[in-house]
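The values are calculated or read from the model by the stated rules, or taken from the named source; none is laboratory data. Computed from a prediction, not measured in an experiment: that's the story for all the values here. Here the Cβ positions follow ideal geometry from the backbone for every residue, glycine too, while neighbour counts run over all protein chains shown.
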Amino acid sequence: MTLPVKPPRVVADVHITSDAPLTDVAALVGKALWLTFVRELTGRYAELPAFVSQGIGLHFALVGPPSGSTREPGCALEVDPLSRRFSGPRIDISEFLAAVITERAGLLTSARRRAGRRR
């Protein structure tokens, strides 16, 4: 008898350093990952500007700093499964996505390992 295998929970957190407007970064990252990002309007990210996309069973969110922020320029790409049924082993693809974005979009990136995460 074979036990059912739970699909893995694929996640990522990539910091992207850029002075460009978030709209431009979303276009570059989208082209690099073959995704189309659209402005997030539901308020899911509170008062942070964000662009979202979906592909291969994953939710991609490009989240910028609050307007008027004086912190380090840039934004974060957060990736989570679209479905909660992906509850198997956690696979962090941050380093892979950072390398792809740097190579294909020419943006400075750094992978950030995530601890257990909300969705």
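Data overview
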| item | result |
| --- | --- |
| Tabulated pairs, the range 103-119, first among the basic types (Lys, Arg), second in a loop (DSSP other than H, G, I, E, B) and modelled with pLDDT of 85 or more, C-beta under 7 angstrom, 6+ apart or interchain | none |
| Test result for SER67, under 30 Å from VAL5 (Cβ atoms) and among the small types (Gly, Ala, Ser) | no |
| Condition met for ALA61 (in a loop (DSSP other than H, G, I, E, B), surrounded by 15 or more Cβ atoms within 10 Å (Cβ to Cβ), small (Gly, Ala, Ser) and without any contact (Cβ under 8 Å) to a residue 40 or more places away in the chain) | no |
| Residue that is free of Cβ contacts under 8 Å to residues at least 40 places away in the same chain, assigned to a loop (DSSP other than H, G, I, E, B) and surrounded by 12 or more Cβ atoms within 10 Å (Cβ to Cβ), where the choices are LEU48, LEU41 | LEU48 |
| Within the range 71-99, considering residues that are of a type in the set (Gly, Ala, Ser) and modelled with pLDDT of 90 or more, the one nearest to TYR45 (Cα to Cα) | ALA76 |
| Filter result for SER53 (touching a helix residue (DSSP H, G or I) at 6+ places or on another chain (Cβ under 8 Å), part of a strand (DSSP E or B) and surrounded by fewer than 16 Cβ atoms within 10 Å (Cβ to Cβ)) | no |
| Lone unmet requirement of (1) assigned to a strand (DSSP E or B); (2) in contact with a Cys (Cβ under 7 Å, 6 or more places away or on another chain) for VAL25 | (1) |
| Residues being within 13 Å of the chain's Cα centre (by Cα) and under 25 Å from SER87 (Cα atoms) - total across the range 16-44 | 2 |
| Some residue of the range 79-89 being of a type in the set (Phe, Trp, Tyr) and assigned to a loop (DSSP other than H, G, I, E, B) | yes |
| Exclusive hit being assigned to a loop (DSSP other than H, G, I, E, B), farther than 16 Å from VAL11 by Cβ and at pLDDT 95 or above, set THR102, THR36 | THR36 |
| Every residue from the range 85-99 that is farther than 9 Å from ARG9 by Cβ and surrounded by fewer than 19 Cβ atoms within 10 Å (Cβ to Cβ) | ARG85, ASP92, ILE93, GLU95, PHE96, ALA99 |
